[in-house]
1. May I ask you to verify whether residue C:161 is out of contact with any helix residue (DSSP H, G or I) (no Cβ under 9 Å at 6 or more places or on another chain), surrounded by 15 or more Cβ atoms within 10 Å (Cβ to Cβ) and modelled with pLDDT of 85 or more?
2. Could you please give the count of residues in the stretch C:88-99 that are surrounded by fewer than 17 Cβ atoms within 10 Å (Cβ to Cβ) and in a helix (DSSP H, G or I)?
3. Tell me yes or no: at least one residue of the stretch C:55-68 is within 14 Å of chain B (Cβ to nearest Cβ), touching a helix residue (DSSP H, G or I) at 6+ places or on another chain (Cβ under 9 Å) and not in a helix (DSSP H, G or I).
4. If I ask for residues that are crowded, with 22+ Cβ neighbours inside 10 Å and under 21 Å from residue C:6 (Cβ atoms), which ones from the stretch C:237-266 would you list?
5. If you go through the stretch B:115-154, how many residues are at pLDDT below 95, in a strand (DSSP E or B) and within 17 Å of residue B:213 (Cβ to Cβ)?
6. Collect the residues in the stretch C:10-36 that are facing chain B (nearest Cβ under 10 Å), within 15 Å of residue C:316 (Cβ to Cβ) and of a type outside the set (Lys, Arg), keeping them in residue-number order.
7. Quick check: anything in the stretch C:138-150 crowded, with 18+ Cβ neighbours inside 10 Å and modelled with pLDDT under 75?
Amino acid sequence: MFWITKGWRFRQFADGQGLVFNPFTGDLYALSEIPVSLIIAFGDTAASCDVLFRRVADTVDLDGEPVGEETVKSHLAALVQLGVVTSVSP
Amino acid sequence: MPSRLIKHDLIDLRALSGVVLSAPPFNFRVRACAGPLGKAFFAAYADFERSDDSAFVDFELKIRPVRGLRRFVRPLISLEIDGSEPFDPLPAAQAFPLLEWGMNWCVTSSANQYLMCHSAVLAKRDLAVMLPAPPGSGKSTLCAALMLSGWRLLSDELALIELHSGKLVPFVRPVSLKNASISLIRDRYQSAFLTVPVVDTLKGTVAHLRPTKTSVDLARIEAFPRLLVFPSYISGAQLDVQKLGHAAATVEIAKNAFNLTPLGVLGFESLCRVVERCDCFVLRYGRLDEALAWFDLMQNQLLAKHYAG
Amino acid sequence: MRADRLIDAFICPTAVLEWTKADWSVAVRQARSANLLAALGKHLESHFTAVHLPEVALRYFQSANNLVLQRNAAVIWEVDQVLGALNSRQIPVTFLKGAAYVLAGLPLSAHRHFSDVDLMVNREDLPEVEKQLMLNGWLPTCFDSYDQRYYRKWMHEVPPLRHIRRGTVLDLHHAITPLTAKYQANTAQLIVTQVPVEGHKGAYVLGPTDMVLHAVAHLFAEGEAENALRNLLDISELIDYYQSETDFDAALAERSFMLGLSQPLYLAAHYLVRRLKQDRRKCLLKYLKLAAPNGVALVFLDAIYDRVFQGGYPTTALRGARSARFALYLRAHWLRMPIHLLLPHLFRKLIIGYRPRRLWNK
C-alpha cells in the first residue's frame, strides 16, 4: 500500500495529468507517466493530501493500453525514492 | 490628482520629494541626485502619470553619488531603496538601468499578495498570453515585437498573478532590450521609442523601449490568461511548435516563479489555476515574422473557440 | 520626539483613523523595514474591521500574512525533519524564539516573521548533534577558522547550518547567552523547567517565564538593532499572554534574579513604559527596583534605545540613529567578551572584515 507522504499536495488536471508538490522544499513533479486510474483521492485535509495508490487489476495508461504490474511497481518505487510516496505494508 | 509627466520635471526629479511615478498597481517615488537619469526617465515614462505627495507611495528609490575621491575619477552611483542599498554601486552612466532593476527588485521582494513569475504578458482583444522564460531566450525581443505589432503590453518581465482569481494584473513598464535586439527593434519599427543605449553593463548593452500608449492607457485592466507559450529563439531554426500538457507546463512555469515556495500551497494552487485555463506550447523560432504570424493565428483560433461557446 | 507612525499605531490604534494616504505609506514602509508588517496588520485588524483600513495598506498586510502562514507550516515540517535526524540518538531539543512560538501555539506566531530555526541542546550533546545534522544535510555556512572559534568560544551557538537542498538555516545554541557574558543564564536551569511539545516527540520549548527572559536576553544582549522594536513588541505580547497565570509579574521577576537576567528585564519593562506607554508594567518595575542600572548608565541607554526603537527608516529615524546602532553593536560585544579580546576582535571585524555586498542578479 502506498500513501502520499504527509505535506505533499496533489493536483489532477482535466486532461488526466497529475502533479505533486512539496510546499516546504518547492519540489514539483509531473505524474504524467503514472496511470491515472491508480490515483483515488481519499479525503483532503487543509494541511496534507493523503492519496491512496491502489493496485488495480485492469490498470490502463493514458492511451488506454493495459499497464503491467511491474511497470506500476517501478513507477511507485521511483516515487518512494523521491520521497513523494511512503510505502506501508498492508 | 494625477497629471502627465512633462519635461521640465527634471528639476522635480532632483528635488527633495522627487517625482511620484504612477506605474499601476504601484507608486514609486523616484529621486535622482546624480547621473544622467532624467533624459532616459522622461523618455521611457513619457505617457505615464505622476501622482502628487498625497498618494500612497509603495516604494522610495533614490539614486545618489557615492562619496569620496572616486567621484572625480569615474563617478559611481548607488541606489537607495527605502533606506537600504541592496546593490553594489555602478558607473553613473548606468543610472537608468539601475533604477529599472531597482524597481523590479522592490516588487519581487515585497509584493507577495501576488504570485510572481519571470514572464512577459501581452493581450489582444481580451486574450492574454504569458511568455515565461529565463534571460537569454529572446523573450524581450519577441515581447517588444508583439507590442509594436498591436498587442497590448501587460508586462515585459514580471507577471503578477492575483492569488485567488488567477487574473493577470498588468505592471506596464519600459521593455528592456539587450545588445543585438536593440538595433533589430529600432530598424524594424519606426514608431519605436528607445532610450540611448547604455554600454558595459553586466548584461551588455542595454536600452529601454517606451511602452505603447495603448498599453499605458489600459494599464489597470486585468486579463485572464488563455495562452501559455515557452519561447526560445534559435538563429536559423525552423518554426517548431509542441503542445504541452498542463502538468508539464506547470513544472516549466514553476521554474520561472519567484515566490512559489514562500507562498507554499497558496502559490501552487494559484499556479495550477492559471495553467488550467491555458493552451500551452513550446515555441522554437528562428525568424521573428514566423513567430508573430503564429501568435496571430493562435489568437484568432482561440477567439473563434471563445465565441463558439 | 519626531513623529513615528509605526509606534503610534501600536500604542494607540485609533490614531490610524486620522491617517492620510501619505501617513499609511510611511507606516507600511517603516513596518516593512522593521519586519513588522504582519504584526501591524494583525494588530490593526484586531481593533477594526477591514472596511476601516485602506485597500492600499491591506494588500501589504495580506502579502506579509501569506508569507507568515506558509512559514509557520514550513517550520513545523522543518522541526520534524530535525527531530527525525536526532531522535535515533534520543537527544532532547529545545526550540527557541520564532520556531518555539509556533510550536507552543502562541498567538504571537500568527504574525511573527522569522527566517532561521533556533534550537538549543546540552553542551555535551553538541558534537553528536552537529554530526547527525550534517549527515542529514545541514552543513556549516562559514569555514573561516576565526569565525568558527568566535562563535564557539564567545557566542553561545555554532555557526549557522544551512540545509544543502532546502536552504533552510538552523541556529544551534547550547545556551541562551554567551559563556563569558555579563548576563549569563544557566542552561541547566532552563532545561529543568522546559515544556514538551505535544505531537513532536523530543521537542521542547522553554517554560513561560523563561520564554520571556530569553526574548529579553536576546534584545538587550545582542547587538542587532534591526529587529529591536519587533523584539520589544514580542516581549510585551508574551507577558500579556502569560498574565492569565496568577501574579506572573512576581514569578517573572523572581526567575530573572535566579537566572541573572534581572537587569535586562528591568530595561525591557522600562522601555515598555517609556516607548510603548504601557503603564501596566510599573508593577513589574517595582519588583525589579534592585536591578535598575545606575542613573548615568540609564541616561546613556535611553539615548541609545530611543533611537534604536524608532528604527533606521530615513524619514522617521531620529538624529544620531546610526551612532546609536553602532553604540549598541559595541555594547553587545562588550557584554560578550573581555576587553583584551574585544579590541582585536572589533579591529578585525570592522577594518579587515569588510566585504562588499554581492550584486543582485535578476
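1. The answer is no for residue C:161.
2. Qualifying residue count for the region: 2.
3. Checking the stretch C:55-68: not a single residue is within 14 Å of chain B (Cβ to nearest Cβ), touching a helix residue (DSSP H, G or I) at 6+ places or on another chain (Cβ under 9 Å) and not in a helix (DSSP H, G or I).
4. Those that are crowded, with 22+ Cβ neighbours inside 10 Å and under 21 Å from residue C:6 (Cβ atoms): C:238, C:239.
5. Residues meeting the conditions: 1.
6. C:22, C:23, C:24, C:25, C:26, C:28, C:30, C:33, listed by residue number.
7. Taking every residue of the stretch C:138-150 in turn, at least one turns out to be crowded, with 18+ Cβ neighbours inside 10 Å and modelled with pLDDT under 75.
Yes/no per residue for (1) away from chain C (no Cβ under 14 Å); (2) of a type in the set (Asp, Glu); (3) under 18 Å from residue B:133 (Cα atoms); (4) surrounded by 14 or more Cβ atoms within 10 Å (Cβ to Cβ):
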{"residue": "B:196", "(1), (2), (3), (4)": "yes, no, no, no"}
{"residue": "B:219", "(1), (2), (3), (4)": "yes, no, no, yes"}
{"residue": "B:277", "(1), (2), (3), (4)": "yes, no, no, yes"}
{"residue": "B:284", "(1), (2), (3), (4)": "yes, no, yes, yes"}
{"residue": "B:302", "(1), (2), (3), (4)": "yes, no, no, yes"}
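The values are calculated or read from the model by the stated rules, or taken from the named source; none is laboratory data. Just so it is clear, the structure is predicted and the values come from calculations on it, not from any experiment. Reconstructed Cβ throughout: ideal geometry from the backbone, glycine too, with neighbour counts over all protein chains shown.
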